[in-house]
Amino acid sequence: PPLPIAAVTWADGTNTARAPLRIVVNPSPASKLSALGIELLLAHEATHVVTHSVDSPAPAWMVEGFADYIAYQAYPQARKVAAAPLLDRVRAGKGPASLPDNERFRAATDRLELAYAEAWLACRYVADQYSPEQLTELYRELDSGKSFEQAARSVLEITSAEFMSGWRSYLLALAR
C-alpha cells in the first residue's frame, strides 16, 4: 500500500503568491521516522518554503528533486538509503525511461519513494555533471514557466533527449 505523506508545505490563504507558507507534519507517519529522517523531512519542506514552490509551474520532479537535493546536501549520510530503490532497479535493467511525471508524486501513488529518488538523482546529476549553480538556474528557468526543453538548452546547452541519455548513464555509473 502507498505510504502516507509525512509532511507538506502549503499556502495559508487563497492568494498563494502572498499567503504565509506553513509546514504541516502528519504525526502518524512522521513518528515512524528516525531523528535523521525528521531532520531530512524538515530540510526538504523548508526548501519548499524558501523557493515558494507551492505555486511553481515547474514540474514536480524538479520541485521535489531540488528540495531533496538540498536536504541530502545537508545530511549526506542518508543518501545511500534514499538512492537504493532506484539504483536496485537500474542494476536489474529497469532504469527509468523518462523523468517522473507530476502524477507520480500524488500521495496515494505506489512507489512514491521511487519517484522521489528519480527526481533527486536527476537534480544531483545536474549538480555533479554541470554545477550546483546550474542546477539552481535550471530550477529558476522551470519555475519561470519555461519548458524543460527550453530550460535545458538555455542553462545546460543540451536538448532534453541529451539530458535523458546523460542522466541514464549517470544512474548506471552510480549503480556499479
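The values are calculated or read from the model by the stated rules, or taken from the named source; none is laboratory data. The shown structure was predicted, so the numbers you read here are calculated from the model rather than taken from an experiment. In this analysis, Cβ positions are derived from the backbone assuming ideal geometry, glycine residues included, and neighbour counts consider all displayed protein chains. These area figures cover heavy atoms from the full protein model, side chains too; ligands, DNA and RNA do not enter into them. Shrake-Rupley method; radii C 1.70, N 1.55, O 1.52, S 1.80 Å.
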When restricted to Arg111, Arg91, the only residue farther than 25 Å from Glu141 by Cα and modelled with pLDDT under 95 is Arg111
What is the residue count in the stretch 132-151 for residues that are loosely packed, with under 14 Cβ neighbours inside 10 Å and not charged (D, E, K, R)? 3
I'd like to know if the stretch 90-100 contains one or more residues that are in a helix (DSSP H, G or I) and either without any contact (Cβ under 8 Å) to a residue 40 or more places away in the chain or closer than 20 Å to His52 by Cα (or both). no
All conditions in (1) surrounded by 14 or more Cβ atoms within 10 Å (Cβ to Cβ); (2) assigned to a helix (DSSP H, G or I); (3) over 17 Å from the mean Cα position of the chain (by Cα) are true of Ser154 except (1)
Is it true that Val50 is in a helix (DSSP H, G or I), open to solvent by 40 Å² or more (accessible area, probe 1.4 Å) and either of a type in the set (Val, Ile, Thr) or touching a Phe, Trp or Tyr at 6+ places or on another chain (Cβ under 6 Å) (or both)? yes
Every residue from the stretch 1-60 that is modelled with pLDDT under 95, among the acidic types (Asp, Glu) and within 20 Å of Asp143 (Cα to Cα): Asp55
Where residues in the stretch 18-47 are of a type in the set (S, T, N, Q) and touching a residue at least 24 places away in the same chain (Cβ under 8 Å), which of them is surrounded by the fewest Cβ atoms within 10 Å (Cβ to Cβ)? Ser28
Pair list, Cβ under 7 Å, 6 or more apart: the stretch 101-123 residue touching a residue at least 24 places away in the same chain (Cβ under 8 Å) and of a type in the set (Ser, Thr, Tyr), other residue in a loop (DSSP other than H, G, I, E, B) and open to solvent by 50 Å² or more (accessible area, probe 1.4 Å): Thr109/Pro2
The residue that is least open to solvent (accessible area, probe 1.4 Å), considering only those in the stretch 55-89 that are of a type in the set (D, E, K, R) and under 14 Å from His44 (Cβ atoms), is Asp68
How about the stretch 101-131: which of its residues are open to solvent by 60 Å² or more (accessible area, probe 1.4 Å) and part of a helix (DSSP H, G or I)? Asn102, Glu103, Arg104, Glu113, Asp128, Gln129
Selection within the stretch 124-171 - among the hydrophobic types (A, V, I, L, M, F, W, C) and either touching a residue at least 60 places away in the same chain (Cβ under 8 Å) or within 12 Å of Gly65 (Cβ to Cβ) (or both): Val126, Ala127, Leu135, Leu138, Leu142, Phe148, Met164, Trp167, Leu171
